[in-house]
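Working notes for the structure below.
The values are calculated or read from the model by the stated rules, or taken from the named source; none is laboratory data. This one's a predicted model, so the numbers in the text were calculated from it and none came from an experiment. Cβ placement follows ideal geometry from the backbone for every residue including glycine, while neighbour counts extend to all protein chains displayed. We work out accessible area using only protein heavy atoms, side chains counted, and drop any ligands, DNA or RNA first. Shrake-Rupley method; radii C 1.70, N 1.55, O 1.52, S 1.80 Å.
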Amino acid sequence: MSNNTDLKQLWKLQESDIPDTGQLLELAKKFRNKHVKGIIVMNILLLLTSAFIAMIWYRYQPEKLTTKIGMVLVILAMVIYLFVYNRMLPLLVKTEYDMSSSLYLQRLLKIKEKQRFMQTTMLNAYFLLLSTGIFMYMIEFVSRMTLLWGIFSYGITFVWILINWFYLRPRAIRKQQKAINELISKFERLNSQLSVEE
């Protein structure tokens with residue numbers, strides 16, 4: 001009798017460890033939809049910002065070369081970032097939910113690899129180009145200010161960049177990594193369970 005009870009308890013533990021496939025599929029869909037929406041929103045925001053900067057250039061005709069170079073660097077940063085970021089879209093859009101769990105796990109691992117590249121190399125390049133462009137853009141306007149206001153303007157801009165770099169960026173990265181790591185972990189558990197059953 002005690003053997004029978006132990007087997008029932010083991011079975012319950014095993015059942016609780018197996019991810020519910022319906023729930024897992026729902027999580028996968030939410031993950032995909034959230035990231036596709038994120039890519040679309042990022043495209044819209046950065047393209048609108050680039051168009052706004054181009055409109056400012058056309059309308060106000062900056063005098064200094066540094067201002068023009070700054071604007072080009074800011075737009076270039078956004079275009080390069082979007083070009084690389086959009087390369088993740090096919091991995092997300094072409095995901096078929098009838099593929100095997102091991103294939104889907106491989107797809108998730110590729111997405112994670114691309115995310116890591118975006119979070120390190122591309123974000124570093126983006127912030128470097130963007131920051132340089134902003135500081136160069138500001139030269140023309142800061143040169144018309146008093147020294148105190150010039151220092152204040154650069155100081156506020158520098159603080160905002162630091163907040164983005166040291167607080168907002170790591171927070172967003174942690175959130176993205178947590179989401180994909182949880183999904184990968186659940187698919188790994190499912191795959192290991194399926195391999196045990198075979």
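Out of segment 55-102, which residues are farther than 30 Å from Ile180 by Cα and surrounded by fewer than 13 Cβ atoms within 10 Å (Cβ to Cβ)?
Within segment 55-102, Met55, Tyr58, Arg59, Tyr60, Gln61, Glu63, Leu65 meet the criteria.
Being open to solvent by 40 Å² or more (accessible area, probe 1.4 Å) and aliphatic (A, V, I, L, M) is the requirement here; does Met122 meet it? Talk me through it step by step, then tell me what you get.
Details: open to solvent by 40 Å² or more (accessible area, probe 1.4 Å): no; aliphatic (A, V, I, L, M): yes.
Taking the combined requirement at face value, the residue does not satisfy it.
When residues of segment 142-155 are filtered for being surrounded by 10 or more Cβ atoms within 10 Å (Cβ to Cβ) and assigned to a helix (DSSP H, G or I), how many remain? Break it down into steps so the answer makes sense when it comes.
Going through segment 142-155, the residues surrounded by 10 or more Cβ atoms within 10 Å (Cβ to Cβ) turn out to be 142-143, 145, 149-155.
Narrowing further to those that are assigned to a helix (DSSP H, G or I): 142, 149-155.
Summing the residues that are surrounded by 10 or more Cβ atoms within 10 Å (Cβ to Cβ) and assigned to a helix (DSSP H, G or I) in segment 142-155 gives 8.
Find all pairs meeting these conditions: Cβ atoms under 8 angstrom apart; at least six residues apart or on different chains; first residue within segment 13-42 and over 18 Å from Leu183 (Cα atoms) and open to solvent by less than 30 Å² (accessible area, probe 1.4 Å); second residue modelled with pLDDT of 85 or more and among the hydrophobic types (A, V, I, L, M, F, W, C).
Matching pairs, first to second residue: Ile39/Met88; Ile39/Leu89; Ile39/Leu92.
Pick out the one residue from Ile163, Ile134, Ile173 that is open to solvent by 50 Å² or more (accessible area, probe 1.4 Å) and in contact (Cβ under 8 Å) with a residue 40 or more places away in the chain.
On the way: Ile163 fails: in contact (Cβ under 8 Å) with a residue 40 or more places away in the chain; Ile173 fails: open to solvent by 50 Å² or more (accessible area, probe 1.4 Å).
Of Ile163, Ile134, Ile173, the one residue that is open to solvent by 50 Å² or more (accessible area, probe 1.4 Å) and in contact (Cβ under 8 Å) with a residue 40 or more places away in the chain is Ile134.
Checking the conditions here, which among Lys94, Lys34 is modelled with pLDDT of 90 or more and among the charged types (D, E, K, R)?
Details: Lys94 fails: modelled with pLDDT of 90 or more.
Of the residues listed, the single one that is modelled with pLDDT of 90 or more and among the charged types (D, E, K, R) is Lys34.
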